[in-house]
Amino acid sequence: MNRTITKFRLFFSLEKEEVWLNRKLAQGFQLFDITGSGIFYHFKKVKDTDKVIQFDYRKFTSKEDFTDYLQFMTDAGWEHIYGRYDSGTQYFISDRSQNLQLFSDISSLIEREKRIRKGVFGSLSFLVPIYVALFMSSTDLSVLWHPQKEFLTPGLWQKTGSEFWRAFFFELPFALMRILNHLVVPIIFLFILAVFLNSYWRMQRYKKLVY
(Lines give C-alpha, C1' and ligand atoms only; values in the text may rest on other atoms or scores of the structure.)
Protein backbone atom coordinates (compact mmCIF):
# COMPACT_ATOMS: atom_id res chain seq x y z
CA MET A 1 0.00 0.00 0.00
CA ASN A 2 1.39 3.39 -1.02
CA ARG A 3 2.25 5.72 1.83
CA THR A 4 0.57 9.12 1.75
CA ILE A 5 0.91 12.23 3.89
CA THR A 6 -1.05 15.48 4.18
CA LYS A 7 0.46 18.89 4.89
CA PHE A 8 -1.26 22.17 5.70
CA ARG A 9 0.13 25.23 3.91
CA LEU A 10 -1.13 28.65 2.82
CA PHE A 11 0.86 30.34 0.05
CA PHE A 12 0.63 33.83 -1.39
CA SER A 13 3.71 33.30 -3.56
CA LEU A 14 3.79 30.94 -6.52
CA GLU A 15 7.57 30.78 -6.34
CA LYS A 16 7.56 29.71 -2.69
CA GLU A 17 4.87 27.10 -3.34
CA GLU A 18 6.85 25.68 -6.26
CA VAL A 19 10.08 25.55 -4.24
CA TRP A 20 8.29 23.79 -1.38
CA LEU A 21 6.64 21.20 -3.64
CA ASN A 22 9.96 20.40 -5.28
CA ARG A 23 11.63 20.13 -1.87
CA LYS A 24 8.98 17.61 -0.83
CA LEU A 25 9.53 15.75 -4.09
CA ALA A 26 13.28 15.58 -3.41
CA GLN A 27 12.38 14.01 -0.05
CA GLY A 28 10.40 11.32 -1.86
CA PHE A 29 6.86 12.72 -1.64
CA GLN A 30 5.05 13.75 -4.82
CA LEU A 31 1.94 15.92 -4.85
CA PHE A 32 -1.21 14.18 -6.10
CA ASP A 33 -4.11 16.21 -4.67
CA ILE A 34 -5.01 19.51 -2.97
CA THR A 35 -8.14 19.97 -0.86
CA GLY A 36 -9.66 22.42 1.59
CA SER A 37 -9.71 25.33 -0.88
CA GLY A 38 -6.01 24.95 -1.58
CA ILE A 39 -4.53 24.59 1.90
CA PHE A 40 -4.25 20.82 2.38
CA TYR A 41 -1.59 19.22 0.19
CA HIS A 42 -1.65 15.45 -0.27
CA PHE A 43 1.53 13.58 -1.18
CA LYS A 44 2.34 10.01 -2.13
CA LYS A 45 5.63 8.26 -1.49
CA VAL A 46 7.64 7.79 -4.71
CA LYS A 47 11.00 6.27 -5.56
CA ASP A 48 11.80 8.37 -8.63
CA THR A 49 12.64 11.84 -7.32
CA ASP A 50 14.70 13.02 -10.29
CA LYS A 51 11.81 15.15 -11.48
CA VAL A 52 10.66 18.74 -11.31
CA ILE A 53 7.25 20.30 -10.64
CA GLN A 54 6.11 23.48 -12.34
CA PHE A 55 2.69 25.00 -12.81
CA ASP A 56 0.64 27.07 -15.15
CA TYR A 57 -2.53 29.04 -14.50
CA ARG A 58 -5.45 28.49 -16.84
CA LYS A 59 -9.21 28.27 -16.41
CA PHE A 60 -11.41 26.73 -19.06
CA THR A 61 -15.08 27.16 -19.83
CA SER A 62 -15.40 23.60 -21.15
CA LYS A 63 -13.91 20.24 -20.28
CA GLU A 64 -13.21 19.66 -23.98
CA ASP A 65 -10.86 22.66 -24.11
CA PHE A 66 -9.22 21.43 -20.91
CA THR A 67 -8.68 17.97 -22.44
CA ASP A 68 -7.08 19.53 -25.53
CA TYR A 69 -4.80 21.62 -23.29
CA LEU A 70 -3.70 18.56 -21.29
CA GLN A 71 -2.99 16.65 -24.50
CA PHE A 72 -0.85 19.54 -25.74
CA MET A 73 1.11 19.55 -22.48
CA THR A 74 1.51 15.77 -22.59
CA ASP A 75 2.90 15.99 -26.12
CA ALA A 76 5.37 18.59 -24.84
CA GLY A 77 6.66 16.17 -22.19
CA TRP A 78 4.66 17.19 -19.13
CA GLU A 79 2.52 14.98 -16.88
CA HIS A 80 -0.49 16.64 -15.29
CA ILE A 81 -0.61 15.76 -11.58
CA TYR A 82 -3.31 18.08 -10.26
CA GLY A 83 -5.81 20.68 -11.43
CA ARG A 84 -9.39 20.83 -12.70
CA TYR A 85 -10.68 22.59 -15.77
CA ASP A 86 -12.03 25.40 -13.60
CA SER A 87 -9.46 25.44 -10.78
CA GLY A 88 -6.94 27.80 -12.36
CA THR A 89 -3.60 26.49 -11.16
CA GLN A 90 -2.45 23.44 -13.12
CA TYR A 91 0.38 21.35 -11.67
CA PHE A 92 2.75 19.49 -13.96
CA ILE A 93 5.76 17.24 -13.49
CA SER A 94 8.52 16.16 -15.86
CA ASP A 95 11.81 14.30 -15.76
CA ARG A 96 14.59 16.63 -14.73
CA SER A 97 16.81 15.18 -17.46
CA GLN A 98 14.49 16.66 -20.10
CA ASN A 99 15.34 20.16 -18.84
CA LEU A 100 11.86 21.44 -19.72
CA GLN A 101 10.57 24.89 -18.78
CA LEU A 102 6.92 25.87 -18.86
CA PHE A 103 7.96 29.50 -19.16
CA SER A 104 11.10 30.13 -21.12
CA ASP A 105 11.05 33.94 -20.94
CA ILE A 106 9.90 36.77 -18.70
CA SER A 107 7.11 37.83 -21.07
CA SER A 108 5.39 34.47 -20.67
CA LEU A 109 5.69 34.75 -16.88
CA ILE A 110 4.04 38.17 -17.03
CA GLU A 111 1.19 36.72 -19.09
CA ARG A 112 0.73 33.95 -16.52
CA GLU A 113 0.63 36.58 -13.77
CA LYS A 114 -2.08 38.47 -15.65
CA ARG A 115 -4.14 35.29 -15.89
CA ILE A 116 -3.67 34.67 -12.17
CA ARG A 117 -4.79 38.16 -11.21
CA LYS A 118 -7.81 37.93 -13.48
CA GLY A 119 -8.76 34.53 -12.07
CA VAL A 120 -8.21 35.40 -8.41
CA PHE A 121 -10.04 38.69 -8.49
CA GLY A 122 -12.81 37.20 -10.59
CA SER A 123 -13.39 34.60 -7.89
CA LEU A 124 -13.15 37.14 -5.09
CA SER A 125 -15.59 39.51 -6.76
CA PHE A 126 -18.11 36.68 -6.63
CA LEU A 127 -17.33 35.45 -3.12
CA VAL A 128 -16.78 38.70 -1.22
CA PRO A 129 -20.36 40.06 -1.56
CA ILE A 130 -21.68 36.73 -0.29
CA TYR A 131 -19.40 36.75 2.75
CA VAL A 132 -20.11 40.40 3.45
CA ALA A 133 -23.86 39.79 3.30
CA LEU A 134 -23.55 36.84 5.64
CA PHE A 135 -21.08 38.18 8.16
CA MET A 136 -20.99 42.00 8.02
CA SER A 137 -23.77 42.32 10.59
CA SER A 138 -21.77 40.21 13.04
CA THR A 139 -18.47 42.06 12.53
CA ASP A 140 -17.23 43.66 15.74
CA LEU A 141 -13.57 44.69 15.85
CA SER A 142 -13.84 45.58 19.54
CA VAL A 143 -13.33 41.88 20.34
CA LEU A 144 -9.65 42.46 19.56
CA TRP A 145 -9.21 44.61 22.69
CA HIS A 146 -12.16 43.25 24.71
CA PRO A 147 -12.08 39.50 23.98
CA GLN A 148 -13.34 38.69 27.47
CA LYS A 149 -16.89 39.67 26.50
CA GLU A 150 -17.06 36.57 24.28
CA PHE A 151 -16.63 34.31 27.33
CA LEU A 152 -20.23 33.67 28.34
CA THR A 153 -19.79 31.44 31.37
CA PRO A 154 -21.64 33.22 34.23
CA GLY A 155 -19.26 34.55 36.87
CA LEU A 156 -16.15 33.35 35.04
CA TRP A 157 -14.05 36.41 35.82
CA GLN A 158 -14.96 36.27 39.51
CA LYS A 159 -13.68 32.72 39.88
CA THR A 160 -10.15 32.08 41.21
CA GLY A 161 -7.55 29.37 41.24
CA SER A 162 -8.17 25.99 39.64
CA GLU A 163 -11.88 26.66 39.39
CA PHE A 164 -11.19 29.65 37.14
CA TRP A 165 -8.76 27.77 34.88
CA ARG A 166 -11.11 24.81 34.43
CA ALA A 167 -13.96 27.10 33.43
CA PHE A 168 -11.67 29.25 31.26
CA PHE A 169 -10.24 26.38 29.20
CA PHE A 170 -13.66 24.80 28.84
CA GLU A 171 -15.07 28.05 27.43
CA LEU A 172 -11.99 28.99 25.36
CA PRO A 173 -12.73 27.08 22.09
CA PHE A 174 -16.30 28.41 22.01
CA ALA A 175 -15.11 31.97 22.67
CA LEU A 176 -12.51 31.69 19.89
CA MET A 177 -15.20 30.59 17.43
CA ARG A 178 -17.35 33.57 18.41
CA ILE A 179 -14.37 35.93 18.05
CA LEU A 180 -13.53 34.49 14.63
CA ASN A 181 -17.11 34.99 13.52
CA HIS A 182 -16.73 38.71 14.25
CA LEU A 183 -13.52 38.88 12.21
CA VAL A 184 -14.53 36.97 9.06
CA VAL A 185 -14.97 40.05 6.88
CA PRO A 186 -11.72 41.79 7.99
CA ILE A 187 -9.81 38.55 7.41
CA ILE A 188 -11.24 38.28 3.88
CA PHE A 189 -10.19 41.82 3.04
CA LEU A 190 -6.71 41.25 4.48
CA PHE A 191 -6.42 38.16 2.30
CA ILE A 192 -7.45 40.16 -0.79
CA LEU A 193 -4.88 42.82 0.07
CA ALA A 194 -2.14 40.22 0.52
CA VAL A 195 -2.96 38.59 -2.83
CA PHE A 196 -3.02 41.95 -4.60
CA LEU A 197 0.28 43.16 -3.11
CA ASN A 198 2.04 39.88 -3.81
CA SER A 199 0.80 39.92 -7.39
CA TYR A 200 1.85 43.56 -7.81
CA TRP A 201 5.37 42.91 -6.50
CA ARG A 202 5.81 39.89 -8.79
CA MET A 203 4.71 41.91 -11.80
CA GLN A 204 7.11 44.72 -10.94
CA ARG A 205 9.97 42.26 -10.52
CA TYR A 206 9.22 40.62 -13.87
CA LYS A 207 8.99 43.97 -15.63
CA LYS A 208 12.37 45.05 -14.25
CA LEU A 209 13.90 41.92 -15.73
CA VAL A 210 12.40 42.77 -19.11
CA TYR A 211 13.37 46.43 -19.18
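The values are calculated or read from the model by the stated rules, or taken from the named source; none is laboratory data. Keep in mind the model is a prediction, meaning the values are calculated, not measured. Glycine gets a Cβ as well: all are built from the backbone with ideal geometry, and neighbour counts include every protein chain shown. What goes into the accessible areas is simple: the full protein's heavy atoms, side chains included, and nothing from ligands, DNA or RNA. Shrake-Rupley method; radii C 1.70, N 1.55, O 1.52, S 1.80 Å.
Here are some notes:
- Looking only at the stretch 123-178, residues that are modelled with pLDDT under 80, under 25 Å from the mean Cα position of the chain (by Cα) and surrounded by 14 or more Cβ atoms within 10 Å (Cβ to Cβ) come to 6 in all.
- Some residue of the stretch 193-201 being open to solvent by 30 Å² or more (accessible area, probe 1.4 Å) and β-branched (Val, Ile, Thr): no
- With respect to the stated conditions, Tyr69 fails to be assigned to a strand (DSSP E or B) and open to solvent by less than 50 Å² (accessible area, probe 1.4 Å).
- When Lys51, Lys63, Lys24 are screened for being surrounded by fewer than 15 Cβ atoms within 10 Å (Cβ to Cβ) and without any contact (Cβ under 8 Å) to a residue 60 or more places away in the chain, only Lys63 passes.
- Within the stretch 88-116, residues that are modelled with pLDDT of 90 or more and surrounded by 19 or more Cβ atoms within 10 Å (Cβ to Cβ) reach partners that are assigned to a loop (DSSP other than H, G, I, E, B) and aromatic (Phe, Trp, Tyr) with beta carbons closer than 7 Å, at six or more positions or on different chains, in the pairs Phe92/Trp78; Ser94/Trp78.
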